[in-house]
Amino acid sequence: GLADSSLPALTYRYASLAVPNATVAADFFKRFTGAELVPRSSFLIEAGETEVVGCRLYYADRQQYSDVYFQSTAGSSLPGAESISTFSELVSKGHSMANDDWDWWQDWHLAFYVSDLDAVALNLMKNDVPFVSRGSLYFEIANTGLIIQVLGNATVYWKEPFLFCRKTDNAGTGRMQPYKINVTDISSVPSKPLPEFIPSHQSMYASDAVENALWTYKFLNVTKLDTLTKPTQSHAYANGTCANIQWMAVENFWSLHYIQQKFKREGLIRIKEHEKFVNELHGDLSEIDAYMGYRAALSVGCSRGYQY
């Protein structure tokens, strides 16, 4: 049920992602999702002093849409801006994108549903963009560290479930290279039009998923979701045994996921140390900083219930 039904209902509005170069990141995202550029006059976001490129993903026969905004921190005077480039580089270098590997930072991803996952996979494979298969697929927006998850049913590549109890490490699995996972001759398969990308969820790394979930239930009107963590389910043993995942949805079924891993490597940046750095940078939230460029925006009809 609803965590606090006395609070106004929330709906998903847009995602914002801080990147070293907004134009380059947006071009890559458009190429592999079919997004369209948003005219600045139609932005749902206040651009401020940074370069912002907006991408719009239409769905429901173009009757609805979701936006993704890329905010460039190059040359920005915002607190923390000087570290975004290094942060992005380290997270990106930490991703092997090999199917036998997983790093905790890959749990920080923006997710969409599609009706034809084969079309998305073919576009990636024909352009030599590696992706990790867990039924759905995960690919990186090149050189940003940012991961996009695409959910659906696929037949052109092999799949395996989430194996939360399988240990990964920097010295072993982290050194693996991506390899092709197609189960058919891709050169003989014609390309297909990209399907509509329907917003699904924002997943976030968390050193304490339960603590984050409790905060969310206290201050936002969300519905707790079944995390499917029983031994025979899709996210087996992520009930605190080998990982801890917490899921919750807003009114239009878009959801937030918090992921606390126990056996996955952390790549080149320690999760807890980074959380401490960002929390200290945010301070009392009295001023905007560059890391606020990473956010998911929710809309509320009446904000009076959120004066806390």
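The values are calculated or read from the model by the stated rules, or taken from the named source; none is laboratory data. The shown structure was predicted, so the numbers you read here are calculated from the model rather than taken from an experiment. Neighbour counts run over all protein chains shown; Cβ positions are idealised from the backbone, glycine included. To get the accessible areas, we keep the full protein, side chains included, count just its heavy atoms, and leave off ligands, DNA and RNA. Shrake-Rupley method; radii C 1.70, N 1.55, O 1.52, S 1.80 Å.
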Where in segment 74-165 are there trypsin sites (Lys or Arg not before Pro) that are in a DSSP coil and have at most 16 other Cβ atoms within 10 angstrom of their Cβ?
K159
Assuming a ≥ b ≥ c are the square roots of the Cα gyration tensor eigenvalues, decide whether segment 232-282 counts as rounded (a/c under 1.5), prolate (otherwise, with a/b larger than b/c) or oblate.
oblate
Neighbour-limited loop hits for chymotrypsin sites (Phe, Trp or Tyr not before Pro), segment 166-206 (at most 12 other Cβ within 10 Å; DSSP other than H, G, I, E, B):
Y179
May I ask you to list the chymotrypsin sites (Phe, Trp or Tyr not before Pro) in segment 136-175 that are in a DSSP loop and have at most 11 other Cβ atoms within 10 Å of their Cβ?
W158
On the protein heavy atoms, probe 1.4 angstrom, tell me the percent of accessible surface of segment 182-271 carried by carbon and sulfur.
56 percent
Just tell me the longest site-free run in the chain, where the sites are GluC sites (Glu not before Pro) in a DSSP loop having at most 15 other beta-carbon atoms within 10 Å.
50-286
Dividing the surface of the Cα convex hull of segment 168-308 by four yields a projected area in nm² of 13.1 nm²
Cross-link reach from K126 to lysines, straight Cα distance under 26 Å and at least 8 residues apart if same chain, gives K30, K93, K159, K180, K192
Enumerate the calculated ³J(HN,Hα) couplings along segment 263-271 in order (Karplus 6.51 cos²θ - 1.76 cosθ + 1.60, θ = phi - 60°), each rounded to whole Hz, writing x wherever the residue is Gly or Pro.
10, 9, 5, 9, x, 9, 10, 6, 4
How would the chain be classified by its alpha-carbon gyration tensor: rounded, prolate or oblate, with rounded meaning a/c under 1.5 and the a/b versus b/c comparison settling the rest?
rounded
Please list, ordered by chain and number, the residues whose modelled amide H lies under 5 Å from the amide H of S76; skip anything fewer than 5 residues away on the same chain.
none
To the nearest Å, what is the center-to-center distance of segment 141-163 and segment 30-91, using C-alpha atoms only?
21 Å
Can you give me the accessible area per residue for the chain, using a 1.4 Å probe, in Å²?
48 Å²
